[in-house]
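Working notes, structure below.
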Amino acid sequence: MVSPTVAAALERAKAHPDPAAAYKGILTNIITNIFADVQDPSMSDRIAEELTGIYTSLFGASLGVVATRSVLDDFIQLLGGLDNRDLVVRVGGGLVEAIRGSAAQSTSLLDQLAALRQLIATAHEANEDFLAAAKELAEIPLDSSQRRVTDLAKAVIWVRILRNYLEVDDCTTAETYLNKLKIVMHTIEDPELNLHFKLSAARIQDSKRQFLTAAQSYHEISFSPAIAEDERLHTLSNAIKCAILAPAGPPRSRVLGRLYKDERSAGLEEYAMLEKMFLDRLLAPAEVEKFAKGLFPHQLATTSDGSTVLAKAVMEHNLLGASRLYSNIGFDALGLLLGLDGDKAENTTAKMIEQGRLAGSIDQIDRIIWFGGGDASGEKGSGRAEVVVGKEMRRWDSNVQALAEGVERLADTLQVEFPEFVAAQIAA
């Protein structure tokens, strides 16, 4: 219940020649007294009752749309200045219901309703109630024929909703808003919004176990100058984790190569694991256990065959590593190396050969696996390498690099010794 002083002021406002100005005057008078007491728990209820009484009186006064909008704008500004998040949620929520309950004016107050919901969502976010914030923002009408909303304004709201759902690990709902953003993001030039969009997309790919795509996305984001250096390194770390968890094969090898050659990787905890993965070295259980401590819960989840994502990735990697060490190996010996029985080792090998992730063949009669001696083509069903790769390709790459570096050194020497000659040749 409002105080007698405010109640009397509200009655005078209804009879005032300019009711809107009178209501604004009441708000101004309240502002001068409210900020001193807003953090006092004993005063919080009284302040909420006073503000509730004001907007209840406002809608009961049947002012015109223009006057109501003007007063509501001041009211929302007052709420935004309160340093009491619970009070903002309480009073703001009541005002939302009051606007929606005003059938005659609700469709004319969409801008005020949108601003109010954003204010309430901000208070929820500050209270770390991200689900409530996402639901509040989702109620903002963005496709109404009575309110034109720019693509930029839509993107701002959808990005906030997306990030809030990701905070509570609801990636399914978050993906719905990611798909909406894909329609408008090509028109958005704001670098911060684009960064949040890309980072959210990477997080969703990660959560859906699309690790190879997520690794590429994280790596791209790690070069962004819009984020701090420590955040760039954190994103690079996520890229390495996802690349390691991705299915073994040529696509993953290419991603691992880019990450391994990134000079920043050497300073990260995951570098030892990355190096062994890239160089096709066998991984010991202790190394895997140490790496697992830095993974997120969804990256340690159990798959349909009962193994974890990490265990499956390591097992496939060690199989690739074995193909570098052996020309052929028996089922049981391979199973012992991978920590599986012979039949499972055969099934895993057959699956990787069929998917084009491992070059080789299987002799089921003699229970021997023959490795192809190179990298698989990456094409499903190939089961063999289609180009000369492996050690020979690496040696070729090294020779080409040495030649290019020699030419560069020669050009630098000519520039120092014969600058006029070089200038003439470039001009020609």
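The values are calculated or read from the model by the stated rules, or taken from the named source; none is laboratory data. Owing to the predicted nature of the structure, the values given are computational and were not obtained by experimental measurement. Counting neighbours? That spans all protein chains shown, and the Cβs are built from the backbone with ideal geometry, glycine included. Just the protein is used for accessible areas: all its heavy atoms, side chains included, with ligands, DNA and RNA removed. Shrake-Rupley method; radii C 1.70, N 1.55, O 1.52, S 1.80 Å.
The alpha carbon centroids of the range 279-315 and the range 141-200 are separated by 33 Å. Anyone know which of Ser361, Ser224, Ser144 comes out most mobile in the 10 Å Cα GNM of the chain? So, out of Ser361, Ser224, Ser144, the one fluctuating most is Ser144.
Specify the residue with the greatest mean-square fluctuation among Asp412, Asp18, Asp363, computed from a Gaussian network of the chain linking alpha-carbon atoms under 10 Å apart. Among Asp412, Asp18, Asp363, the largest mean-square fluctuation in the Gaussian network model of the chain belongs to Asp412.
Highest first, please rank the peptides 300-309, 338-347, 180-189 by the mean number of other Cβ atoms sitting within 10 Å of their residues.
On the way: 300-309: 11.6, 338-347: 16.7, 180-189: 13.9.
Packing order, densest peptide first, comes out as 338-347, 180-189, 300-309.
Rounded if a/c is under 1.5, else prolate if a/b is larger than b/c, else oblate: which is the range 63-156, with a ≥ b ≥ c the root eigenvalues of its Cα gyration tensor? Since a/c reaches 1.5 but b/c is at least a/b, the shape of the range 63-156 is classed as oblate.
Just need the relative contact order of the chain here, percent rounded to a whole number, with Cα pairs under 8 Å and 6+ apart.
Normalised by residue count, the contact order of the chain is 7 percent.
Ranking Thr349, Leu310, Pro285 by Cα position along the charge dipole of the chain, where only Lys, Arg, Asp and Glu carry charges on their C-beta atoms, puts Thr349 farthest toward the positive end. Within the accessible surface of the chain, defined with a 1.4 Å probe on protein heavy atoms only, the carbon and sulfur portion equals 53 percent.
Each distinct pair of alpha carbons in the range 250-311 adds a 1/r term; the inverse of their mean, the Kirkwood radius, is 12.8 Å.
Rolling a 1.4 Å probe over the protein heavy atoms gives the chain an accessible area of 54 Å² per residue. If you look at the Cα atoms of the range 154-230, you get an Rg and a Dmax of 11.9, 31 Å. Net charge of the neighbourhood of Pro4, taken over other residues with C-beta under 12 Å away and scored Lys/Arg +1, Asp/Glu -1, is -2. Bridging of Lys154 to lysines at a Cα separation below 29 Å is possible for Lys135, Lys180, Lys182, Lys198, Lys208, once same-chain residues fewer than 8 apart are set aside.
The residue list Ile47, Tyr165, Phe296 was ranked by how far each Cα lies along the charge dipole of the chain toward its positive end, using unit charges on Cβ atoms, and Tyr165 comes out on top. Dividing the mean sequence gap of close Cα pairs (under 8 Å, 6+ apart) by how many residues the range 100-220 holds gives a relative contact order of 18 percent. Here the chain is treated with +1 on each Lys and Arg Cβ and -1 on each Asp and Glu Cβ, and its dipole about the Cα centre works out to around 800 debye. Within the chain, the proportion of C-alpha pairs whose separation exceeds 42 Å stands at 43%.
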